[in-house]
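**Student:** Quick one: structure below, then a few questions.
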Amino acid sequence: MDTFGNFDPQWGWLAIGLLLAIAEMAIPGVFLIWLAGAAILTGLLAWVLPIGIPLQIGLFAVLAIVSVFVGRNYLR
């Protein structure tokens, strides 16, 4: 059992990633998809590695910034 009872944080990251991907399809702007990818990757890493929530949040922040810049340069 973790800090949140039966809730595992990786499922939250995966759900956030899915919601952001759906929002990108509903409101296309080619921005939310990069955040969705960062959230999904954070969820997958949290699933396979025993990392705490503060590190998960930091990992998401870094992945989000990197993915937005890489995506922006890719689309140019």
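**Student:** Might you let me know whether region 28-46 holds any residue that is more than 13 Å from the chain's Cα centre (by Cα), more than 19 Å from Y74 (Cβ to Cβ), aliphatic (A, V, I, L, M) and open to solvent by less than 60 Å² (accessible area, probe 1.4 Å)?
**Tutor:** no
**Student:** Being in contact (Cβ under 8 Å) with a residue 12 or more places away in the chain and surrounded by 11 or more Cβ atoms within 10 Å (Cβ to Cβ): is that true of L49 here?
**Tutor:** For L49, the condition - in contact (Cβ under 8 Å) with a residue 12 or more places away in the chain and surrounded by 11 or more Cβ atoms within 10 Å (Cβ to Cβ) - is not met.
**Student:** Taking region 1-16 as the search range and keeping residues that are at pLDDT 90 or above and buried (at least 17 other Cβ atoms within 10 Å of the Cβ), which one is farthest from I51 (Cα to Cα)?
**Tutor:** Checked region 1-16; the qualifying residue farthest from I51 (Cα to Cα) is I16.
**Student:** Something else now. Looking at L63, L19, L55, which is the one that is at pLDDT 90 or above, buried (at least 16 other Cβ atoms within 10 Å of the Cβ) and in a helix (DSSP H, G or I)?
**Tutor:** Step by step, each of L63, L19, L55 is checked, and only L63 is at pLDDT 90 or above, buried (at least 16 other Cβ atoms within 10 Å of the Cβ) and in a helix (DSSP H, G or I).
The values are calculated or read from the model by the stated rules, or taken from the named source; none is laboratory data. Because the structure is a prediction, the values reported are computed rather than measured. Positions of Cβ are backbone-derived with ideal geometry, glycine not excepted, and every protein chain shown enters the neighbour counts. These accessible areas exclude ligands, DNA and RNA; they are computed on the full protein's heavy atoms, side chains included. Shrake-Rupley method; radii C 1.70, N 1.55, O 1.52, S 1.80 Å.
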